[in-house]
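See below for the structure under consideration.
The values are calculated or read from the model by the stated rules, or taken from the named source; none is laboratory data. Being a predicted model, the structure only gives us computed values, none of them experimental. All Cβ positions, glycine included, derive from the backbone under ideal geometry; neighbour counts span all protein chains shown.
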Amino acid sequence: MGSLLALIVMVAWTFGSAGAWEERVLPGWQSPVGIELSGDHLVITEEINLPRTGIAQYFSEPPVYNIHLISLPAGERKVLMDQEYTREPDIDGDRVVWEKDTSLYIYRISSGSTSRFSTADEHALHPRISQDCIAWEVMGNYTEQIPDGSNIPYIIYQDPPALEVRCIGRAAGVQIPLVSHTDSRSIAIDGSRLVWDDPVEGTSQIFLHDLRTGTTIQITDGKGSKVRPDISGDWVVWEDGKNKGDIALYDIPTGTTSYLAEGPGEEVRPRIADGRVIWVEESRTGDTLWLADAETGTRQQVLQAIGNFSGFGIPVAAISPDHVAAMAYNQSSALRDLHLITLPSITTPTVPAVGTTPTIPVTGEATPAPSPKTPGFSFAAALAGVGAVLLMGRLTGRKK
């Protein structure tokens, strides 16, 4: 617990007519492997390397993780899970969800209470939350067999692969068929829409499901795996393997795909929130975090970090309508610093609310309803006249 304000380095700079951007740095993270943003809260997953002595040091054990909840206004940190085999937490509004031992748990920020949402028998993986609804992959029942001459178990699944979406307070949800089982699937949900990647004939493709209509469509095809999709409003982004790594953008109403970044570098891990997209460009000398406008395609460098191999400089990053959060390697401490960047406010027309929690049909039959359109944001005013870019090329002098 306690305030981290004493550890926060604050930097402000003027960004055109859009006002000042503010950066806060929270140093001293060991091995961050996940980061999620919602409103004024941030959830970080940190892998913990426990010291091992005696005969235990010769055996491989599953990694353990800490899940941290950080309040952005106050800079306070709370550990939700301490050295547990947990993974892939997500946050939306007042709720944090994570998976532990194939069960799902929900933490309420306002009350500080934790409750179980699904049982271990449901074999839940990759939980994602939006409003009152949680989506996850149903691993199903399986058996393990070890081939002769090998010590690596081979998993035989007994149930067909599926996603499940269930809303809090409802006993039943809906299941969405998948093409195949995989432990590395990415899922994202925003309101009544859900996206995921799924191997099709050996190549991952992106699928979009509308909970209101009950329809699923495949929105990608062709060569090169498409992975790590994210969705916000009418936009879907993903990492496209047609080159070494590109960032693709899909407009749901028009069904068209464009590219925010195309080679020759390796562009990975895209995230989107209210028409703003971030991704990381990896290189052997370091990583660059980019920010772009989905409507115009205008992009800007946000952060650079030196690393001794690709993906080492900026391992994780996330975006919300108001903030960007990214971990960046610090050469002085050999740890990672958490960079919290407050985005400049951009005036947009007043629009009706997106709507309430989608009604999840228990019988599998949905009532069609028009999909609300979230307006895109234009960076034209924000980027006009910018004379300098935040380039943290040397992350030095930041002590724990």
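Before we move on, is residue 249 touching a residue at least 40 places away in the same chain (Cβ under 8 Å) and over 23 Å from residue 288 (Cα atoms)?
Criteria not met by residue 249.
Residue count for the range 87-117 satisfying the condition of being buried (at least 19 other Cβ atoms within 10 Å of the Cβ) and free of Cβ contacts under 8 Å to residues at least 24 places away in the same chain: 1. You will find that of 37, 72, the residue that is under 15 Å from residue 318 (Cα atoms) and at pLDDT 95 or above is 37 and no other.
If you go through the range 211-262 and pick out every residue that is part of a strand (DSSP E or B) and within 25 Å of residue 176 (Cα to Cα), you end up with 23.
Quick one: residue 206 ticks every box in (1) over 22 Å from residue 87 (Cα atoms); (2) in contact with a Pro (Cβ under 6 Å, 6 or more places away or on another chain); (3) at pLDDT below 95 except a single one, so which number is it? With respect to (1) over 22 Å from residue 87 (Cα atoms); (2) in contact with a Pro (Cβ under 6 Å, 6 or more places away or on another chain); (3) at pLDDT below 95, residue 206 is out only on (3).
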